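The values are calculated or read from the model by the stated rules, or taken from the named source; none is laboratory data. Since the model is a prediction, treat every value here as computed from it, not as a measurement. Here the Cβ positions follow ideal geometry from the backbone for every residue, glycine too, while neighbour counts run over all protein chains shown. Accessible surface areas use protein heavy atoms only, side chains included; no ligands, DNA or RNA. Shrake-Rupley method; radii C 1.70, N 1.55, O 1.52, S 1.80 Å.
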Amino acid sequence: MHEEAQGPAEEEPAVGAGPQEPAVAPEPATGPDRLDELAQRLGDELAGLRAEVAREHHRAAAREQVIDRLHEENQRLRAGERLILLRPLLTDLQRLRHDLLRTATGLPAGFTAAAAADLLRSYAASVELTLERAGVTVLVPVPGAAFDPSTQRATGTVPAVDPGQEGTVAEVVLDGYHDVEAGRTVVPAAVRVHRWLPDPDPAPAGTGPEPSSATQPTPNP
């Protein structure tokens with residue numbers, strides 16, 4: 001006789017084993033344990049913030065050092081450029097000083113005021129040449145010309161003898177100076193300007209002193 005095939009044997013539950021329960025997640029800490037955990041996390045975050053602030057402070061200090069070093073280098077470069085630009089002017093001023101001292105020691109006994117004026121004008125011309133080499137020209141206003149507020153400043157007024165002089169230069173007080181490269185007046189010339197003041201009480205037309213009589217009455221004897 002053939003034996004019939006049997007299927008897999010069914011496992012019988014262990015004796016005394018109850019039904020399986022699902023795994024339960026651990027409950028979060030409560031009470032003092034929870035406070036300790038929060039305090040630890042807060043301390044870690046504060047430590048991280050302190051470290052970040054320290055790093056930022058270090059970077060700021062490094063930037064300040066770089067800025068200070070660049071500023072010092074810039075100042076040195078400016079000082080050198082200023083000296084290079086002023087060197088020709090300083091040379092001319094030194095030469096002018098030597099000329100003045102040498103002339104003062106060699107003046108003759110009969111040196112007149114007119115000769116002194118001519119000598120001073122020659123030194124003024126030397127200074128004018130020095131200014132021109134530095135790019136500055138002298139502005140010399142012309143008496144009688146119209147007042148120019150862009151290159152002149154009025155320091156006073158002078159009464160005009162007729163209305164046509166109104167607003168014209170009457171006297172030159174000081175010359176001005178003009179920067180050629182910049183194209184602007186650095187020192188305006190000081191002048192006095194004519195001002196026309198009409199007579200506040202003009203005499204009426206046709207009036208005047210009475211003419212004296214051509215014939216005088218003959219007194220009676």
Problem set entry | Percent RCO, i.e. relative contact order, over region 98-182, from Cα pairs under 8 Å lying at least 6 residues apart | 34
Exercise. What order do you get for 37-46, 165-174 when each peptide is scored by the mean count of other beta carbon atoms within 10 Å, highest first?
Worked result: 165-174, 37-46
Exercise. So what are the ³J(HN,Hα) numbers for region 58-74, from phi and the Karplus equation (6.51, -1.76, 1.60; θ = phi - 60°), rounded to whole Hz, Gly and Pro as x?
Worked result: 5, 5, 5, 5, 5, 5, 4, 5, 5, 5, 4, 5, 5, 5, 5, 5, 5
Exercise. At a Förster distance of 30 Å, what's the computed FRET efficiency of Glu128 paired with Val158, Cβ-Cβ distance as r, to 0.05?
Worked result: 0.65
Exercise. In whole Hz, what ³J(HN,Hα) sequence does region 94-103 give by Karplus (6.51, -1.76, 1.60; θ = phi - 60°), x for Gly and Pro?
Worked result: 5, 5, 5, 4, 4, 5, 5, 5, 5, 5
Problem set entry | Rounded to whole Hz, the Karplus (6.51, -1.76, 1.60) HN-Hα couplings of region 111-121, x for glycine and proline | 5, 8, 5, 5, 5, 5, 5, 5, 5, 5, 5
Problem set entry | Other-chain or far-sequence residues with amide H under 5 Å of Ala189's (modelled H) | Gln152, Arg153, Gly176, Tyr177
For this session: Hey, can you find the accessible area per residue of region 143-203 for me, probe 1.4 Å, expressed in square angstrom?
Result: 65
Seminar exercise, completed: Heavy-atom accessible area of region 128-182 with neighbours in place, 1.4 angstrom probe: carbon+sulfur share in percent works out to 57
For this session: Using only the C-alpha atoms of region 144-191, find the volume of their convex hull and express it per residue in Å³.
Result: 65
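Among 49-61, 142-154, what's the highest-first ranking by average C-beta atoms within 10 angstrom per residue?
Working: 49-61: 10.0, 142-154: 13.4.
Ranked from most to least packed, the peptides come out as 142-154, 49-61.
Given 0.36 nm per residue, what is the gain on full extension from Glu64 to Asp44 after removing their alpha carbon distance, in nm?
Numbers: separation 20, 0.36 × 20 = 7.20 nm, distance 3.04 nm.
So the extension gain works out to 4.2 nm.
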